[in-house]
Amino acid sequence: MTVIDIHTHMFGNAWRDMLARHGKPDYDIKVQRDRREYLMEKGAPACALEVEAFDFDARIKAQDKLGIDLGIVSLTSPNVFWGGEEVSAQTARLFNDEMAAGQTAYPDRIRWFASLSWQYPERALVELHRAVGMGAVGVLVTAHVTSRDLVDPQFDPVWAELDRRAMPVLVHPTAPFGTADANFGRERILLPGLGFMFDTTLAVARMITDGFFDKYQKVKIIAAHAGGYLPYVAGRLDVFYAVETLAKVAITRPPSSYMDRIYYDSITYNPGALNLCLEVSGPGKIMFGTDFPMPCDVPKLKELANGLSKKEGDAIMSKTAMEVFGL
């Protein structure tokens with residue numbers, strides 16, 4: 001059975017060079033007490049910088065070891081959302097060029113999500129056209145861009161073009177609003193393990209209640225990490241939607257009824273959680289992901305998917321991704 005990993009990351013050497021030169025004060029790369037280099041996000045160690053995030057030869061060796069046939073790589077947080085207009089746009093171009101080169105070197109093993117300077121829509125649209133021409137099969141956006149939600153009107157031109165193209169868009173978390181107040185830097189595991197899940201949940205729930213999925217009918221939204229907490233709280237959102245009288249929302253049906261408009265990756269380490277995601281999303285909406293080379297247990301993720309019916313397992317492992325990305 002072909003295995004397609006739709007949630008796997010690369011930073012690339014050009015991105016690293018740009019961050020080192022232009023990322024401060026919010027973003028930096030520092031050696032920590034375990035003598036490993038880490039990406040620092042607003043003072044908190046976000047992730048170790050593994051060689052597979054920079055070297056395509058090393059990545060392919062890892063895919064071979066893990067039994068991944070095709071990796072759809074993407075640039076994780078903080079993406080290119082820093083440094084001002086010229087730095088952001090240039091960093092996006094450099095990253096996309098490096099990923100396109102990786103696909104050229106390994107055409108049977110690599111595809112990629114483009115990065116765009118969303119804060120500057122005109123520049124983002126130019127880069128989107130260029131990236132698609134080089135082979136990008138989707139776009140990644142973080143769950144908020146600097147201080148703006150994804151439903152901010154500033155991003156309407158980008159969403160409109162992505163919708164016109166019916167593009168897959170991976171909504172990936174970043175350090176959530178309130179990271180400093182929550183003191184996520186104290187127990188490092190709580191930022192990626194808990195804070196990131198909140199960030200995705202808030203972003204996608206706000207897209208639902210703002211009417212995003214009524215406005216944009218063709219764009220393929222993929223919610224990272226099995227939708228964060230969204231499957232777990234979908235029923236609770238419906239309860240409050242039914243009785244709310246103080247604030248109007250832009251939808252005329254319960255929030256949970258939009259859950260089947262969303263795609264999800266399979267990154268959950270509990271069979272009950274994966275089954276709940278299947279329950280709220282409906283068939284054919286979950287795709288295999290690993291988060292590699294971030295901390296992950298790929299054999300466990302495969303075990304969970306293979307523990308489902310053959311039809312559901314095959315859909316997760318590759319069939320849905322083939323349809324979504326036109327592979």
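The values are calculated or read from the model by the stated rules, or taken from the named source; none is laboratory data. Given the structure is predicted, the values throughout are model-derived calculations rather than measurements. Glycine also receives a Cβ, built like all others from the backbone with ideal geometry; neighbour counts cover every protein chain displayed. SASA here: full protein model, heavy atoms, side chains in, ligands and nucleic acids out. Shrake-Rupley method; radii C 1.70, N 1.55, O 1.52, S 1.80 Å.
The table below gives the values:
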| read-out | value |
| --- | --- |
| Apportionment of accessible area to carbon and sulfur, the chain, percent (1.4 Å) | 53 |
| For the chain, built as a Gaussian network whose Cα springs stay under 10 Å, the top-fluctuating residue of Ala247, Ala44, Ala160 | Ala247 |
| Solvent exposure, largest accessible area first (probe 1.4 Å, DNA, RNA and ligands not counted), of Tyr258, Tyr263 | Tyr263, Tyr258 |
| For region 1-143, accessible area per residue (1.4 Å probe, heavy atoms of protein chains only), Å² | 40 |
| Bridge type composition, the chain - antiparallel percent by DSSP, nearest 5 | 35 |
| Listed residue (Leu304, Met197, Ser266) projecting farthest to the positive dipole end of the chain, Cβ model | Leu304 |
| Net charge over other residues, Cβ less than 14 angstrom from the Cβ of Ala166 (K, R count +1; D, E count -1) | +2 |
| Zero-based 10 Å bins, Cα pair distances in region 148-235, whole percents | 16, 45, 29, 9, 0 |
| For semi-axes √(5λ) of the Cα gyration tensor in Å, calculated from these coordinates, the label among [x] 35, 23, 17; [y] 49, 23, 18; [z] 27, 24, 21 | [z] |
| Dipole magnitude of the chain about its Cα centre (Cβ charges: Lys, Arg +1; Asp, Glu -1), debye to nearest 20 | 200 |
| Highest-MSF residue in the chain out of Thr209, Thr252, Thr142 [GNM, Cα springs under 10 Å] | Thr252 |
| Region 74-151, dipole about Cα centre (Lys/Arg Cβ +1, Asp/Glu Cβ -1), debye to the nearest 20 | 160 |
| Cβ-Cβ FRET estimate between Lys65 and Ala242, R0 fixed at 30 Å, reported to 0.05 | 0.05 |
| Placed amide H near Met287: partners under 5 Å, 5+ positions off or other chain | Tyr264, Asp265, Ser266 |
| Distance-filtered residues of region 103-141 - backbone nitrogen under 20 Å, label point 7 angstrom along His22 Cα→Cβ | 114-132, 140-141 |
| Within region 155-221: Cβ-based charge dipole about Cα centre, in debye rounded to nearest 20 (Lys, Arg +1; Asp, Glu -1) | 220 |
| Rel. contact order, % - alpha carbon contacts under 8 angstrom, at least six apart, the chain | 18 |
| Region 103-231: relative contact order as a whole-number percent, Cα under 8 Å and 6+ apart | 25 |
